[in-house]
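Notes to accompany the following structure.
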Amino acid sequence: MAALTNSRNTPEMADGGRMRVYPVEANTNVYLGGIVALNAAGNAVPASATTTVANALKVVGRAEYVKNGIPGQNAINNPGAAGAIAITARKGVFLYATDGSVGVAQVGLVCFALDDNTVTAADRSGGAVQQYAAAGTVVAIDAGGQVWVDFWHQSTASA
C-alpha cells in the first residue's frame, strides 16, 4: 500500500483489542488467571520456559474464560484436538509471582515469562539455553514481593 494522500477511516477493534479469543493447543491445559502464550501454530498454551528461537512463544495476556468449554472453568483440552476449545486472553496489568530476580530496579523494564504464574528479569538470550518470552513491563512490586505486569507493553520481539 502507498502512503495516504487523503483522509482515511481507520476502524478500531472492539474493546481496543483488550480481550481476544485464541484456540487452545491439542492436549493442553490453560488455567484461568495464568499467563497465556501463542505457539508457532497460533494456538494458546501456558507460558513456559520452553521457548526457543526457532519456536518462540508470544505472550498475549491473562487467561480469562473458556469458549466452547465449560464457562468459569479452566481450559482443559486434554485429550482434545487443537482448537476444540478456545480461551479468552485479556491484556491489562496483573499481579504475578517472581523467581526473585524482579525487584524495584526492574520497574519500567520488560520482564519475561518463566511459566504461567512466574516472571523473571532475564530473557536468557544469546546462549545455548532456552529463551523466555517477553511477558510485559514491570509496573510495580507489591509489599509481598509479587510483580504487577503490564501486558499491554511488551518488547517488539514479543508483539
Residue among Ala113, Ala84, Ala75 that alone is touching a residue at least 24 places away in the same chain (Cβ under 8 Å) and within 13 Å of Leu32 (Cα to Cα): Ala75
Total residues in the range 31-59, condition part of a strand (DSSP E or B), touching a residue at least 60 places away in the same chain (Cβ under 8 Å) and crowded, with 20+ Cβ neighbours inside 10 Å: 6
Enumerated strands (runs of 3 or more DSSP E) restricted to the range 80-130, each holding at least 2 residues that are at pLDDT below 95 and farther than 16 Å from Gly144 by Cβ: 86-90, 110-113
Condition broken by Glu25, with the remaining ones in (1) within 22 Å of Gln131 (Cα to Cα); (2) touching a residue at least 60 places away in the same chain (Cβ under 8 Å); (3) buried (at least 21 other Cβ atoms within 10 Å of the Cβ) satisfied: (2)
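Please go through the range 1-22 and give me each residue that is without any contact (Cβ under 8 Å) to a residue 60 or more places away in the chain and either under 13 Å from the mean Cα position of the chain (by Cα) or assigned to a strand (DSSP E or B) (or both), ordered by number.
Within the range 1-22, none qualify.
The values are calculated or read from the model by the stated rules, or taken from the named source; none is laboratory data. It should be emphasised that the depicted structure is a prediction, and the values quoted were computed from it without experimental measurement. FYI the Cβ positions are ideal-geometry reconstructions off the backbone, even for glycines, and counts take in every protein chain you see.
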